[in-house]
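See below for the structure under consideration.
The values are calculated or read from the model by the stated rules, or taken from the named source; none is laboratory data. The shown structure was predicted, so the numbers you read here are calculated from the model rather than taken from an experiment. Cβ placement follows ideal geometry from the backbone for every residue including glycine, while neighbour counts extend to all protein chains displayed. With ligands, DNA and RNA removed, areas are computed over all heavy atoms of the protein, side chains included. Shrake-Rupley method; radii C 1.70, N 1.55, O 1.52, S 1.80 Å.
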Amino acid sequence: TSFVVEAIYALIFRKKNYIKNAYAFFPGLFLALILPINIPIYILVIGSIIASVSKLIFGGFGKNIFNPALVGYLFIMIVFSSVLTTNTYFNSYELDTISKPTPLTNASMASGIGSYDELVKPYGSLLNFFIGTIPGSLAETSTLLCLVAFIYLSVTKTIKWRIPLVYITTVFVITFGIGRLLDQGVYYPLFHVLSGGLMFGAIFMATDPVTSCVTPIGQ
């Protein structure tokens with residue numbers, strides 16, 4: 001869908017060789033990776049159109065001021081929220097995954113944030129979260145693969161390593177502090193780092209070369 005949208009744009013405005021350097025498939029690819037795998041196809045198509053249009057509005061690749069995939073994602077969350085929350089294709093885990101940064105259970109949480117038995121145990125252990133043998137979106141479940149990608153992209157200087165490192169460390173420190181205040185173990189910050197889209201977002205989206213910070217202090 002993303003490729004077709006940009007191909008039509010190139011034809012209408014007669015932009016020769018535009019597609020060669022447009023990376024037209026990226027918005028749809030990233031959007032598909034961060035949404036639940038059984039999302040209705042028509043919603044994914046519409047979200048991809050919005051993502052690509054948001055990119056083209058500002059002049060295409062290298063000029064967009066927002067990450068196109070995130071624009072499409074936010075559009076879907078706002079416009080189709082009622083469809084997603086009532087769609088029988090989604091189980092409770094996936095609903096939590098797309099509506100919150102981490103998978104939460106529906107169990108009553110006496111401490112206000114949940115316990116190890118409520119947050120982690122239903123899916124195995126933290127090792128399952130690290131490897132990726134848990135339910136979730138295509139690109140968000142395996143922390144291991146995200147870390148491998150982080151090392152490769154950093155070594156090849158494709159991304160700015162400071163951004164993911166600071167982002168993930170900040171989340172760990174804050175959730176560790178919250179966990180200590182509410183008498184939770186070290187599992188709590190690890191759960192937040194290893195679950196949801198945190199790792200994927202930090203490595204592949206926060207480092208977007210067009211929209212990310214360019215100075216070391218900003219990063």
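The table that follows gives values for the structure above.
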read-out: Single residue of segment 65-100 satisfying the filter (at pLDDT 85 or above and in a loop (DSSP other than H, G, I, E, B)) that is surrounded by the most Cβ atoms within 10 Å (Cβ to Cβ); value: 67
read-out: Filtered residues of segment 126-136 (kept if open to solvent by less than 40 Å² (accessible area, probe 1.4 Å) and not hydrophobic (A, V, I, L, M, F, W, C)); value: 132, 136
read-out: Residue in segment 145-160 that is surrounded by fewer than 16 Cβ atoms within 10 Å (Cβ to Cβ), part of a helix (DSSP H, G or I) and among the small types (Gly, Ala, Ser) present; value: no
read-out: Test set (1) open to solvent by less than 30 Å² (accessible area, probe 1.4 Å); (2) touching a residue at least 24 places away in the same chain (Cβ under 8 Å) - residue 171 fails condition number; value: (1)
read-out: Selection count, segment 6-48, where residues are open to solvent by less than 90 Å² (accessible area, probe 1.4 Å), of a type in the set (Val, Ile, Thr) and either more than 22 Å from residue 209 (Cα to Cα) or in contact with a Gly (Cβ under 8 Å, 6 or more places away or on another chain) (or both); value: 6
read-out: Selection within segment 7-24 - farther than 13 Å from residue 59 by Cβ, free of Cβ contacts under 8 Å to residues at least 12 places away in the same chain and not in a helix (DSSP H, G or I); value: 14, 16, 17
read-out: Candidate set from segment 55-64 (those that are touching a residue at least 24 places away in the same chain (Cβ under 8 Å) and assigned to a helix (DSSP H, G or I)); member that is nearest to residue 209 (Cα to Cα); value: 55
read-out: Failed criterion for residue 213 (all others in (1) out of contact with any Cys (no Cβ under 8 Å at 6 or more places or on another chain); (2) modelled with pLDDT of 95 or more; (3) of a type outside the set (D, E, K, R) hold); value: (2)
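Here is a yes/no grid of residues against (1) open to solvent by less than 30 Å² (accessible area, probe 1.4 Å); (2) in contact with a helix residue (DSSP H, G or I) (Cβ under 7 Å, 6 or more places away or on another chain):
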position	(1), (2)
162	no, no
180	no, no
190	no, yes
202	yes, yes
206	no, yes
